[in-house]
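What follows is a short report on a single structure.
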Amino acid sequence: MTSGSSCQPWAVSSFFTYTHNLESATVKFEIWDTAGQEKYQSVCHLYYRNAHAALLVYDIAKKETLKKAKLWLEELEKKFLPDEIVIALVGNKTDLAAEREVTTEEGAEFARTNGLLFMETSAKSNHQVNDIFMAIVQELLRREKEKASAPSPHERSTIDLKEGTPKRRCCWL
Ligand SMILES: Nc1nc2c(ncn2[C@@H]2O[C@H](COP(=O)(O)OP(=O)(O)OP(=O)(O)O)[C@@H](O)[C@H]2O)c(=O)[nH]1
């Protein structure tokens, strides 16, 4: 719990840390599992405000949980700028395929239209659980790389009006 925070302890059900070594980087996961119920929605941002990524997990066997995931997405969109955070939509409980209420296509389409990563998992049978975390890490690393290779704002906005002559004047857009 954050000391001095007004957030209630019951808004987070668990916290885990895990370190994973990749060839190019060591990644330390600090995972906050926030309570999914809407009554805690207004306080949960105190936990995820500095987050690099968020997983919106729904139950493929309960359609209403996808609706709740959509509400959580709206909440995240209020708190973060676009591209400030990697968001993954996760359809969990693939082991309950016989009780499925949300098709893979439905989840994938919602993720695609909202620019989210998407995967279906089963925490019970450990299906694709590691994969979704790895997909998030790859996306974070890709964004870091893109930022590092992007020209700085000054470089981008400088236009040399006298190319080939000494740089006496330039235009700052
Ligand atoms: N069959 C199956 N059951 C699962 C799976 N993952 C979680 N469960 C069960 O689903 C129930 C709810 O799991 P939780 O992890 O508490 O779900 P939650 O969404 O975090 O719940 P909140 O804390 O209320 O947000 C528990 O009984 C779990 O054992 C899964 O992949 N397959």
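Just the residues that are more than 10 Å from the ligand (Cβ to nearest atom) and either of a type in the set (Ser, Thr, Tyr) or in a strand (DSSP E or B) (or both), please, taken from region 92-119. Once the filter is applied, which keeps residues that are more than 10 Å from the ligand (Cβ to nearest atom) and either of a type in the set (Ser, Thr, Tyr) or in a strand (DSSP E or B) (or both), region 92-119 yields 103, 104, 113, 117, 118, 119.
So is residue 89 within 12 Å of the chain's Cα centre (by Cα), surrounded by 12 or more Cβ atoms within 10 Å (Cβ to Cβ) and within 15 Å of the ligand (Cβ to nearest atom) or not? In short, yes.
Highlighted here are the strands (runs of 3 or more DSSP E) found entirely within region 1-67 that include at least 2 residues which are of a type in the set (D, E, K, R) and at pLDDT 90 or above: 26-34. Selection within region 78-119: residues that are free of Cβ contacts under 8 Å to residues at least 12 places away in the same chain and hydroxyl-bearing (Ser, Thr, Tyr). The member of this set that is nearest to residue 137 (Cα to Cα) is 113.
The values are calculated or read from the model by the stated rules, or taken from the named source; none is laboratory data. The structure presented is a predicted model; accordingly, all values stated were derived computationally and were not measured. No Cβ is skipped: glycine too gets one built from the backbone with ideal geometry, and neighbour counts run over all protein chains shown.
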